[in-house]
1. Per-residue counts of other Cβ atoms within 10 Å, averaged by peptide: what ranking do you get for A:171-177, A:8-14, highest first?
2. From Cα coordinates alone, what are the radius of gyration and Dmax values for the stretch A:94-191 in angstrom?
3. For every helix of n ≥ 4 consecutive DSSP H residues, a contribution of -39,500 (n - 2.57) applies; sum these over the protein assembly as shown, divide by its total residues, and give [θ] at 222 nm rounded to the nearest 500 deg cm²/dmol.
4. Could you check how much of the accessible area of the stretch A:112-249 is carbon and sulfur, as a whole percent, using a 1.4 Å probe?
5. Are there trypsin sites (Lys or Arg not before Pro) in the stretch B:31-98 that DSSP marks as loop and that have at most 12 other Cβ atoms within 10 Å, and which are they?
6. Taking Cβ-Cβ under 4.7 Å as the only way to count a partner, pick out the unpartnered cysteines of chain A.
7. Which of the trypsin sites (Lys or Arg not before Pro) found in the stretch B:241-306 are in a DSSP loop and have at most 16 neighbouring Cβ atoms, other than their own, within 10 Å?
8. Determine the shielding of peptide A:177-183 by partner chains: average, over its residues, the number of Cβ atoms on other chains within 10 angstrom of each Cβ.
Amino acid sequence: IGVDEKSLISILTNSNEEHKRSLWKGSSKLFIEDENGFERWDQSSIKILKHQFNRFRDAVVLSLLHPWERDARLIEKAIRKGPKHYNVIVEMACTRSSDQLLGARKAYHSLFHHSIEEHLVTHIKGRERKLLVALVSAYRYEGPGVNEDVAKSEAQILYEAINNGDKNKLLDHEDAIMILATRSKQHLQALYRHYNQSYDKTLAQDLEGEGILKDTVECLCTPQTYFTRVLEAAVKEDADEESKRALTRVIVTQKEQLVKEGFVPNKIQDILLGLYKDFMLASIASGDVK
Amino acid sequence: MATLKVPAHVPAPSEDAEQLRKAFEGWGTNEQLIIDILAHRNAAQRNLIRKTYREAYGEDLLKSLDEELSSDFERAVVLFTLDPAERDAFLAHEATKRFTSSHWVLMEIACTRSSHELFNVRKAYHDLYKKSLEEDVAHHTKGDYRKLLVPLVSAFRYQGEEVNMTLARSEAKILREKISDKQYNDEEVIRIVTTRSKAQLNATLNHYNTAFGNAINKDLKADPEDEFLKLLRAAIKCLTVPEKYFEKVLRQAINKLGTDEWALTRVVATRAEVDMVRIKEEYQRRNSVTLEKAIAGDTSGDYEKMLLALIGAGDNVQDDVFVDIFPNNTRDKCCC
């Protein structure tokens with residue numbers, strides 16, 4: 001991921017006509033002989049190269065923005081791009097602190113002249129709408145003090161919703177949505193523990209395959225699991241464009257958190273290239289508190 | 001505009017605190033002095049007095065008030081003294097408790113406060129009750145009421161005046177369809193009422209009126225006994241013409257056999273610094289009698305004096321020159 005800019009510049013500036021000609025003829029994967037007598041650059045290769053250059057740009061831009069503006073823009077983009085990107089909305093709503101989420105909501109007003117919830121309900125017609133609006137509207141209490149009895153009984157409510165009810169209707173289950181969207185993170189983490197103890201599996205396991213519901217639970221209860229999952233998907237051999245983009249987003253927005261969780265940069269170091277790599281590694285290193 | 005009257009020369013908070021302390025001392029309480037001070041200071045001044053009082057006497061002013069005063073007068077004084085965000089948090093919390101539960105108070109707070117004010121209420125709620133407002137509302141309401149109230153208290157509506165007329169037309173149409181099918185709790189109805197900016201909602205309702213010949217609230221009266229419908233109509237009123245909503249609450253509170261003091265106190269205490277002038281005008285227009293007269297006729301003693309002072313009925317001893325504390329109606333900006 002990324003481009004080795006130094007090498008590329010060196011090659012391009014030093015190559016003469018003949019050198020270039022052999023480059024075109026030699027790289028049949030990148031250059032195709034066109035019927036009009038020239039070696040045409042393969043369209044998809046251009047796209048890939050542009051993407052790779054853009055990664056650095058995106059990383060820089062994301063870093064420069066005020067976190068509120070950054071999150072607001074990420075949310076707006078995700079809404080526009082559709083269902084495959086709803087996990088970004090979940091990520092923004094559930095991994096930020098209550099005041100950061102409020103900040104993003106304020107920034108959204110300034111940037112887009114609508115509230116996030118308005119845009120969500122206008123653009124999302126699917127069943128995910130209820131959950132997403134509720135998550136984005138939360139202003140969770142962040143202090144200590146959890147009622148263990150309530151956490152336990154709410155774990156039961158979720159268990160029954162998942163196992164006894166119609167799994168397809170989970171996103172419409174009012175009580176489940178209320179619990180996930182209004183309870184404090186401490187409460188939900190206690191609920192997660194009770195679920196595990198009572199039913200011998202984790203809530204996340206029970207929600208396997210349930211898309212944004214699983215993302216929601218992970219982001220709220222075990223954020224490090226969520227972020228590790230996203231990062232690993234990004235550095236896989238056959239990672240798709242979206243997964244790779246997630247790499248930038250997660251590292252730039254979560255660098256302090258990543259360092260705290262002891263995230264080891266070695267894996268990504270091997271896969272990244274050029275300025276993009278330097279920037280990403282520096283981002284993580286700067287979050288290093290010593 | 002506010003009816004609260006603050007003297008041109010306000011004594012230092014320490015002086016006010018001292019006077020209040022004197023009002024509590026000895027046998028009995030000097031209620032008039034309490035009214036003279038607390039009913040004539042704005043929110044920022046009252047906060048300072050509370051702070052100074054605590055520093056000087058080691059006790060929260062509200063606690064002293066609670067010990068010295070009683071009944072409706074006490075509630076009026078305590079409610080008014082509270083900082084507006086704390087006051088709303090207190091009222092909202094009360095509204096989720098079993099014996100004082102009230103969908104109306106929750107709806108009223110959610111719909112008549114500005115977006116920033118509502119968020120300040122949510123912050124204050126965290127500090128006071130160690131819970132979020134929305135989780136308490138979700139936990140203590142059910143069914144259609146929960147479907148409406150949780151999004152209402154969680155909303156952070158866009159505050160701008162921009163209006164999209166195409167959207168207004170299409171959403172008026174959606175509302176018309178749902179109402180004709182008696183699907184009052186439909187997702188679309190709820191989402192329009194709970195997410196749109198007040199300006200946009202106003203445009204939609206105006207268009208509804210023009211296109212379909214009836215104001216939406218008239219069409220929503222189809223079933224006069226339906227409590228949920230009543231709440232929905234009231235929410236719409238609060239979002240678009242709050243002074244008319246408050247006029248009605250006052251009218252019903254006063255006309256009731258025996259007054260509904262809680263409603264009366266709540267409206268006066270929460271609107272004295274906001275839009276009580278318009279509410280009074282609306283009241284007089286609708287009832288052919290001034291609010292002052294109505295209140296005087298229905299209440300008595302120190303409670304009556306406190307209410308009258310808050311709505312600007314001045315016979316006040318203190319000063320000749322009063323200052324309109326919010327000359328340009330900056331209410332949306334003052335509490336951030």
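1. A:171-177, A:8-14
2. 15.0, 44
3. Details: 38 runs with 433 residues, N = 626.
For the protein assembly as shown, the value works out to -21000 deg cm²/dmol.
4. Numbers: 2740 of 5860 Å².
So the carbon and sulfur contribution to the accessible surface is 47 percent.
5. Details: sites: B:ARG41, B:ARG46, B:ARG50, B:LYS51, B:ARG54, B:LYS63, B:ARG75, B:ARG87, B:LYS97, B:ARG98; in loops: B:ARG41, B:LYS97.
Here the sparse-neighbourhood loop sites are B:LYS97.
6. When partners are defined as cysteine Cβ atoms under 4.7 Å apart, chain A leaves A:CYS221 without one.
7. On the way: sites: B:LYS244, B:LYS248, B:ARG251, B:LYS256, B:ARG266, B:ARG271, B:ARG278, B:LYS280, B:ARG285, B:ARG286, B:LYS293, B:LYS305; in loops: B:LYS256.
Here the trypsin sites (Lys or Arg not before Pro) that fit, given the DSSP loop and packing criteria, are B:LYS256.
8. Numbers: counts 2, 8, 3, 0, 5, 11, 6.
Neighbouring Cβ atoms belonging to other protein chains average 5 per residue here.
The values are calculated or read from the model by the stated rules, or taken from the named source; none is laboratory data. These figures come from a predicted structure and were not determined experimentally. Here the Cβ is made from the backbone with ideal geometry for all residues, glycine too, and neighbour counts use every protein chain on show. All accessible areas refer to the heavy atoms of the entire protein, side chains included, with ligands and DNA or RNA removed. Shrake-Rupley method; radii C 1.70, N 1.55, O 1.52, S 1.80 Å.
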